[in-house]
Amino acid sequence: QVQLVESGGGLVQAGGSLRLSCAASGRTFGSLNMGWFRQAPGKEREFVAVISRTGGTIYYADSVKGRFTISRSNAKNTVYLQMNSLKPEDTAVYYCASNSGWPPGQSAASFDSWGQGTQVTVSS
């Protein structure tokens, strides 16, 4: 079982930046694909980005492409989400998730371990 703990959320003005972190434990981090999802009030959880176990494959949702960057440090058992040029519509609870299959997947159903989430609020 993988334990995932997100951090780094907060309140930021539109146009600002935040960096989310997700620390993993309980399983060899280098064997896991890592994803970020988000869920706004009244909406379904949606895919944001995913990075494969080696970092060689990365996908982004169209809505964040060019503004968000996912990265990982296998030495620190941590995945990051750098969020720039934030917009009010990026406001959501952001979740870190993991799986070990291939391809890494972009649907919530393909991920089997989840963190508790961290709130990101972007004010206009």
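The values are calculated or read from the model by the stated rules, or taken from the named source; none is laboratory data. This is a predicted model, so every value here is computed, not measured. Ideal geometry is used to build each Cβ from the backbone, glycine not excepted, and the neighbour counts take in all protein chains shown. The accessibility values were calculated without ligands, DNA or RNA, using every heavy atom of the protein model including side chains. Shrake-Rupley method; radii C 1.70, N 1.55, O 1.52, S 1.80 Å.
Here are the numbers for this structure:
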read-out: Rounded accessible area of Arg45 (nearest 10 Å², 1.4 Å probe); value: 80
read-out: Accessible area (Å², 1.4 Å probe, nearest 10) - Arg27; value: 120
read-out: Amide H contacts of Arg27 (H built 1.01 Å from N, under 5 Å, at least 5 apart or other chain); value: Gln3
read-out: Listed residues Ser107, Ser52 arranged by accessible area, highest first, probe 1.4 Å; value: Ser107, Ser52
read-out: Average accessible area per residue (Å²) across the range 1-104 - probe 1.4 Å, nucleic acids and ligands excluded; value: 47
read-out: Size of electric dipole in the chain: Cβ of Lys, Arg +1 and of Asp, Glu -1, about Cα centre, debye, nearest 20; value: 280
read-out: Lys/Arg +1, Asp/Glu -1 at C-beta; the range 12-79 dipole; positive extreme among Ala40, Ala24, Val64; value: Ala24
read-out: Residue of Val50, Val12, Val79 that the Gaussian network model of the chain assigns the largest fluctuation, springs spanning Cα pairs under 10 Å; value: Val12
read-out: Accessible carbon and sulfur surface of the chain relative to its total accessible area, %, 1.4 Å; value: 48
read-out: Ellipsoid equivalent to the chain - semi-axes via the Cα gyration tensor, in Å; value: 23, 14, 14
read-out: Gaussian network model of the chain, springs between alpha carbon atoms under 10 Å - residue of Asn77, Asn99, Asn33 with greatest fluctuation; value: Asn77
